[in-house]
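Visitor: Take a look at the following structure, please.
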Amino acid sequence: MNEQSFTLWIRADQLADMERWPEAFKTCRQAIVADVEAANPHGLMAYILLKNGYADKAIIEAREACRLDPLVSENHRLLALGHAYCNNDGAAMEELALALELDPEDLANYSAQARVLALKEDWLACETSCRAGLELDPDSESMLIMLAYALVQLGRHEESREVVERALHLDPESPEAQRLLGQTLIRQGNIKEAGEAFRESLRQDPDQGDWWHTQALKASKWWYRPFLRLSFFMASLPRMVLLTLVVGLWAGHLWVSRYSEDHPSFRPYGLALSAVYISFVLYTWFANPIANFLLRRQGLSS
């Protein structure tokens, strides 16, 4: 790399660290023009493009960086991420294997591998990758958060809570860790504690707003909490079991109604069971819309 390209590359890297993306892009492009055969500016350009959502263009730059300097694991890692964001899973895993072979002690390679596996929703492999990275650095907050998220997806909520609390011990002001703690708690049915975690996450980062925070706000209403618990329970069931349960309840309601018509002595019980069933159906239909309406009235919906 010539002196002009090196100076521009260093400046572009500093601008990227400050997330001044337009300036970083312009300066990095100047570094590439100053020396088109220098690998580092191409690698940095790939990073800038990935951070701004241009994965297809990042692949071109990362591939050029790999051609110019194939022994740098970061270049293969950037290329892998570009492929992953473009849903080229096979190519992504090949490049990650190369990156890990070149530098098995680089935590960033395990972090990238975990992210790619998360995009593939291969949560068991994601957990394995996270734990391998944590062997290198047990105090890596980002790896702990990724591991906790994988454990949530695997339904191992108690383990997830332990891991995310380790991350919060390292950084109590992490809004991402607080949000993940809220997700873990809400899936365990600890609605009140989950609400506190989400509120703390919003205090640390007021600009965020997602489904989980909205659910925490809704769960402040006592009448909404059973619906939320029911929603998570239903979501945990296999599709066929869920369909069987819904159809079975409806068929049971029809049977009770007809049995009541044929057996007058059973009619009071049948009416009571029908009233419970209809109340349950109406509750599942209207709990969420009513909660949304109340949030909009209060100006709290995301």
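Visitor: With +1 on each Lys and Arg Cβ and -1 on each Asp and Glu Cβ, how big is the dipole of the chain about its Cα centre, in debye rounded to the nearest 20?
Guide: With Lys and Arg at +1 and Asp and Glu at -1, about 2220 debye.
Visitor: Continuing with this model, one more query. Any idea which of Leu242, Ser111, Phe198 is furthest toward the positive side of the dipole for the chain, if Lys and Arg beta-carbons carry +1 and Asp and Glu beta-carbons -1?
Guide: Checking the options against the dipole of the chain, the answer is Leu242.
Visitor: Could you give the length gained on full extension between Phe232 and Lys192, defined as 0.36 nm per residue of separation minus the Cα-Cα distance, in nm?
Guide: 12.8 nm
Visitor: Right, another one. Determine, from the Cβ-Cβ distance of Trp255 and Thr284 and an R0 of 25 Å, the FRET efficiency 1/(1 + (r/R0)^6), rounded to the nearest 0.05.
Guide: Efficiency, from the Cβ-Cβ distance: 0.75.
Visitor: Order these by the 10 Å Cβ neighbour count, fewest first: Leu168, Leu230.
Guide: Arranged by neighbour count, lowest to highest, Leu168, Leu230 become Leu230, Leu168.
Visitor: Straight distance only, please: which lysines reach the Cα of Lys120 with their own Cα at less than 23 Å, same-chain residues fewer than 8 apart left out?
Guide: Answer for Lys120, where 23 Å is the Cα cut-off: Lys51, Lys57, listed by chain and number.
Visitor: If you put +1 on each Lys and Arg Cβ and -1 on each Asp and Glu Cβ, how big is the dipole of segment 1-104 around its Cα centre, in Debye rounded to 20? Don't skip to the end; give the middle numbers.
Guide: On the way: 9 positive and 17 negative charges, 78 e Å.
Using only the charged Cβ atoms, the result is roughly 380 debye.
Visitor: Using 0.36 nm per residue of separation minus the Cα-Cα distance, give me the extension gain between Asp17 and Glu121 in nm, one decimal.
Guide: Numbers: separation 104, 0.36 × 104 = 37.44 nm, distance 2.94 nm.
Here the segment from Asp17 to Glu121 would lengthen by 34.5 nm.
Visitor: If you average 1/r over every pair of different alpha-carbon atoms in segment 223-302 and take one over that average, what Kirkwood value in Å do you get?
Guide: Details: mean 1/r = 0.0675 Å⁻¹.
Here the Kirkwood hydrodynamic radius works out to 14.8 Å.
Visitor: Using a 10 Å cut-off around each Cβ, can you sort Tyr149, Tyr110 from fewest to most neighbouring Cβ atoms?
Guide: Tyr149, Tyr110
Visitor: Near Phe227, within a Cβ-to-Cβ distance under 13 Å, what is the net charge of the other residues, with Lys and Arg +1 and Asp and Glu -1?
Guide: It works out to a net charge of +4.
Visitor: If neighbour count is taken as other Cβ atoms inside 10 Å, put Val164, Val281, Val247 in order from fewest to most.
Guide: Working: Val164 29, Val281 13, Val247 10.
Listed from fewest to most nearby Cβ atoms, that is Val247, Val281, Val164.
Visitor: Still on this structure, I have one more. State the label only: which of (1) 0.95; (2) 1.03; (3) 1.14 corresponds to Rg/Rh (Cα atoms, Kirkwood Rh) computed from the shown model?
Guide: (3)
No lab work stands behind these numbers, since they all come straight from the coordinates. Note that the structure is predicted; figures quoted are calculated from it, not measured. Cβ: placed from backbone, ideal geometry, glycine included. Neighbour counts: every protein chain shown.
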